[in-house]
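**Q** Here it is, the structure, as structure tokens.
Each reported figure results from applying straightforward, stated rules to the coordinates on display, with no laboratory input. Just so we're clear, the structure is a prediction, and the values are computed from it rather than from any experiment. Every residue, glycine as well, gets a Cβ built from its backbone with ideal geometry; the counts of neighbours run over all protein chains shown.
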Amino acid sequence: MNHVFMTATEIAKDFNRRPIFRDISFSLSSPSSLAISGKNGAGKSTLSKILAGLISSTRGSITYTLNDKQVGIEEFKHHIGFVSPYLNLYDEFTALENLQLLSRIRATTQQNETRMKDLLRLVSLWKRKDDLVGTFSSGMKQRLKYAFALLHNPIVLILDEPTSNLDDEGIEFVQRMVKQQKEEGVLIVATNDKKEACWCAQEIHVGMPEK
């Protein structure tokens, strides 16, 4: 099993010269879990995207170590799964075609059809695998995003608003997956829901202090 170590040092982010958060520092070594909490607009989603390598920080640094070797974010991205209600899917393709396309885009070894079909069953979308994603409800799209995130067996799983748009069955699935992930790898959850924050062993609060 791969071992990872992540260290964030004094991470800060500004938008249009306005500070969103400052001095975020923490370390995570697999297996471990971290909740990112804060008010709406405090920067939880922004920090999640920085950790996933989707956007850059204004200041500070993040180091990624894989099996005792420090690697850059471009290499480490292939070991990260990311789920967010703001991620876009391809509405003009079916659920299965979306997974196939993602597999081709990734620079790592393409996943086989069996893995994709197993994931669609896992997220309860097997019967809708050949339907256009544009016909899906918001909850079904959220389930498909989990299939995306798990496709390459990520060591690090970053969840932004993890139960957004999900029904009770979907939430139960997320809770089972979270339990497994934090036992085997690194789990990061961005949320303002206290119950979801309690899934994790550590918690950091983001946002600028009120004056």
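**Q** Treating the angle as unsigned and between 0 and 90°, give the value, to the nearest 10°, between the Cα long axis of helix 138-150 and the longest Cα principal axis of the chain.
**A** Orientation of helix 138-150: about 80 degrees from the principal axis.
**Q** A further question on this structure: List the chymotrypsin sites (Phe, Trp or Tyr not before Pro) within the range 20-98 that fall in a DSSP loop (any state other than H, G, I, E or B) and whose Cβ has at most 15 other Cβ atoms within 10 Å.
**A** Loop-located and lightly packed - Y86, Y90, F93.
**Q** With charges set only on the Cβ (+1 for Lys and Arg, -1 for Asp and Glu), what does the dipole of the chain come to about its Cα centre, in debye to the nearest 20?
**A** Once rounded to the nearest 20, the dipole reads 300 debye.
**Q** Now a separate question. What do you get for chymotrypsin sites (Phe, Trp or Tyr not before Pro) in the range 117-174 restricted to DSSP loop and a cutoff of at most 15 other Cβ within 10 Å of the site's Cβ?
**A** Hits after loop and neighbour filter: nothing returned.
**Q** Once both axes come from the Cα atoms, what is the angle between helix 95-105 and the longest principal axis of the chain, in degrees from 0 to 90, rounded to 10?
**A** Tilt relative to the chain: about 60 degrees.
**Q** Mind checking which lysines have their Cα closer than 18 Å to the Cα of K49? Skip sequence neighbours fewer than 8 apart in that chain.
**A** Straight-distance partners of K49: K13, K39, K77, K145.
**Q** For L101, L122, L47, L166, what's the fewest-to-most ordering of other Cβ within 10 Å of each Cβ?
**A** Ordered from fewest to most neighbouring Cβ atoms within 10 Å, L101, L122, L47, L166 come out as L101, L122, L166, L47.
**Q** Right, next: Sum -39500 (n - 2.57) across every DSSP H segment of at least 4 residues in the chain, then divide by the residue count to get the 222 nm mean residue ellipticity, nearest 500. Provide the component values of the computation, followed by the final result.
**A** Details: 7 runs with 67 residues, N = 211.
Estimated from H runs of four or more residues: -9000 deg cm²/dmol.
**Q** Could you line up T191, T114, T65 from fewest to most neighbouring Cβ atoms inside 10 Å?
**A** Ordered by Cβ neighbours within 10 Å, fewest first: T114, T65, T191.
**Q** Please return the longest stretch of the chain lacking exposed loop sites, where GluC sites (Glu not before Pro) count only if DSSP places them in a loop and at most 16 other Cβ atoms lie within 10 Å. Don't skip to the end; give the middle numbers.
**A** On the way: sites that count: E92, E210.
Answer - 93-209.
**Q** Cut-off 12 Å, label point 7 angstrom out along Cα-to-Cβ of E203: give me the residues of the range 17-31 whose amide nitrogen falls inside.
**A** none
**Q** Only Cα pairs under 8 Å and at least 6 apart count here; give the relative contact order of the chain as a rounded whole percent.
**A** 32 percent
**Q** With axes computed from alpha carbons, what is the tilt in degrees of helix 113-122 against the longest principal axis of the chain, rounded to the nearest 10 within 0 to 90?
**A** 80 degrees
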